[in-house]
1. Restricted to region 68-84, and to residues that are in a loop (DSSP other than H, G, I, E, B) and not hydrophobic (A, V, I, L, M, F, W, C), which residue is nearest to Asn56 (Cα to Cα)?
2. Looking at region 107-117, which of its residues are surrounded by fewer than 19 Cβ atoms within 10 Å (Cβ to Cβ), in contact with a Lys or Arg (Cβ under 9 Å, 6 or more places away or on another chain) and within 16 Å of His80 (Cα to Cα)?
3. Look through region 85-101, keep the residues that are touching a residue at least 12 places away in the same chain (Cβ under 8 Å) and part of a loop (DSSP other than H, G, I, E, B), and return whichever of them is farthest from Tyr53 (Cα to Cα).
4. Is it true that Ile126 is in a loop (DSSP other than H, G, I, E, B), at negative phi and of a type in the set (A, V, I, L, M, F, W, C)?
5. So Ile125 clears everything in (1) under 13 Å from the mean Cα position of the chain (by Cα); (2) surrounded by 19 or more Cβ atoms within 10 Å (Cβ to Cβ) except one condition, right? Which one?
6. Which of the residues that make up region 102-118 are more than 15 Å from the chain's Cα centre (by Cα) and either over 21 Å from Glu74 (Cβ atoms) or without any contact (Cβ under 8 Å) to a residue 40 or more places away in the chain (or both)?
Amino acid sequence: MIMKSKVILATLLLIAFLSFIFFHLFKEDKIKELDSQVNEPTIATKEDAILFYGTNCPACISLDQLMREKGINEKVSYAHKEVYYNQENNNQLIAKAGECGIDANLITIPFLYADGKCYFGVEPIINYFEEKIYD
């Protein structure tokens, strides 16, 4: 009976471990896919636009949904940079925020760096892109 319990426990631990590994590998692939994605624009920004976001960030998810609903993704070019799991992207976010005089401890995401300016929060970012589209 004890041996059967050990086998069951070992099997459950193995399944949990494999699930954990699969989840993280899948998530890394998705992050790399989003980071390498730059939309083909019909309207380009004056400078490169970089949208910094975090995986599972509620405000970032809301922003993404609004941008899709409004068709912004098809109309404006910008790069995606995930900052929770990518230290290089996080360092770039801190540097861009510093250019705008924003202290590293006060940075929030979603965060857009475009045209040499910083925008954070859903509404200011949507407003920026809408101005680009309708100007």
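Laboratory data are not the source of any read-out in this text; all were calculated from the coordinates shown. Quick caveat: nothing in here was measured; it's all calculated off a predicted structure. Here Cβ is always computed from backbone atoms with ideal geometry, including for glycine, and neighbour counts include all displayed protein chains.
1. That would be Tyr84.
2. Correct list: Asp115 only.
3. Here the residue is Cys100.
4. So Ile126 fails the test.
5. (1)
6. Our first condition is that a residue be more than 15 Å from the chain's Cα centre (by Cα); within region 102-118, this holds for 102-106, 114-118.
Ile102, Asp103, Ala104, Asn105, Leu106, Gly116, Lys117, Cys118 - these are the residues of region 102-118 that are more than 15 Å from the chain's Cα centre (by Cα) and either over 21 Å from Glu74 (Cβ atoms) or without any contact (Cβ under 8 Å) to a residue 40 or more places away in the chain (or both).
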